[in-house]
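Structure first, commentary second.
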């Protein structure tokens, strides 16, 4: 209904007419609005498909004979050759690289963090005596940079080849607005297999057993939030600068890949009875070694019995970090600890050295008087 406002000389619309005009206006706007696509939101499916094709040949070099599927399917299939097992046990692990990725972003170097990813997963599996079978990776980013992603996968491939573990698939997730521009996150999921009678679970550890430490390559993939806080935020050191105390460029040292101990451990378990193995990651020796110590026993670790790589005293001095905090945060030069029988310790040390490992006798198993599982002396 129309009416005239005598004071303003305006034609006014009734409620029904205003609603109808509004509806028509919206309809007109909808008809002329640009259509949106998934790509407009930041997700490029075609680019993702191109990426899969680009990495396909590289990834399939990791395939062991038991892999039954090609890359790009809905799932990866692996045939289990169970004839060699009486009572097989599947062993699984999942992990990531953590804030070490921040160093990769700052250095714009992405071909080593994939090795870290594999190492963090398969090292956790091999401590049970299991042989890694396959790995799946998860790569998430705000916008897929194909060149950068290929570098990451090249590292994962290299790690899988070293661990003799098949990279049978993964997920590449493009999530606009979820991650900072140019950044990504990584996660890995691995499965291994071991004969039940050969499972290493710490149950055979007894007082008098010896502790053998296998050297790490450096920081591995733990403690990087503290590393960045001290070296980058507080001291504002340049990652591209040579550091005399480290004998090289700072960024190179911080990106040094985590050691993969699979071949070393599997070589040992063929010929020796290993009581327990601890992978020294976040939490250091005090946080990881007690996880494999049975009730009534404690690990007595003798400080000063192994060589500590320069990066650790360098960090300690720069951050005025207490010794206790160093041990609780970093591996301090020991990547794996084996608990072995006293009578076999010398032979195992000799075998490890023959394989090129840097190893140390770092302590023994004692009787626990209370609930303590570890003592550093």
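Quick notes
- Additional length obtainable on full extension of the chain from residue 225 to residue 367, 0.36 nm per residue less Cα span: 47.5 nm
- Cβ-Cβ FRET estimate between residue 40 and residue 105, R0 fixed at 25 Å, reported to 0.05: 0.40
- Given the choices (i) 25, 46, 17, 8, 4, 0; (ii) 24, 50, 23, 3, 0; (iii) 27, 53, 19, 1, P(r) over Cα pairs in 20 Å bins from 0, in percent derived from the coordinates of this structure is entry (i).
- Using alpha-carbon coordinates, inclination of helix 342-354 to the longest axis of the chain, degrees: 60
- Among beta bridges that DSSP assigns inside region 39-198, antiparallel share in %, nearest 5: 70
- Segment residue 295-residue 318, extension gain: residue separation times 0.36 nm, minus the distance between their alpha carbons: 4.4 nm
- Point-to-point label distance, residue 75-residue 94, nm (Cα→Cβ direction, 7 Å offset): 1.6
- Helical content of the chain, expressed as a calculated mean residue ellipticity at 222 nm, amounts to -10000 deg cm²/dmol (DSSP H runs of 4 or more residues, -39,500 (n - 2.57) each, divided by residue number, nearest 500).
- Using a cutoff of 8 angstrom between alpha carbon atoms and counting only pairs six or more residues apart, the relative contact order for region 210-376 works out to 42 percent.
- P(r) tail for region 39-198: Cα pairs beyond 20 Å make up 50% of the total.
- A full extension of the chain between residue 61 and residue 86 corresponds to an added length of 6.0 nm, given 0.36 nm per residue minus the alpha carbon distance.
- Note on residue 246 and residue 199: their simple-model spin labels are 4.2 nm apart, each label 7 Å out from Cα toward Cβ.
- Beta bridges assigned by DSSP with both partners in the chain are antiparallel in approximately 80 percent of cases.
- Taking a ≥ b ≥ c as the square roots of the eigenvalues of the alpha carbon gyration tensor, region 272-377 is oblate, as a/c is not under 1.5 and a/b does not beat b/c.
- When you restrict to C-alpha pairs under 8 Å that are six or more residues apart and normalise by the size of the chain, the relative contact order lands at 19 percent.
- Cα gyration tensor shape of region 154-276, rounded if a/c is under 1.5, else prolate or oblate by comparing a/b with b/c: oblate
Taken together, the values in this text are just the output of simple stated rules run on the coordinates, not laboratory data. Since we're looking at a predicted model, the values are computed, not measured. Heads up, the Cβs are rebuilt from the backbone with ideal geometry, glycines too, and the neighbour counts pull from every protein chain shown.
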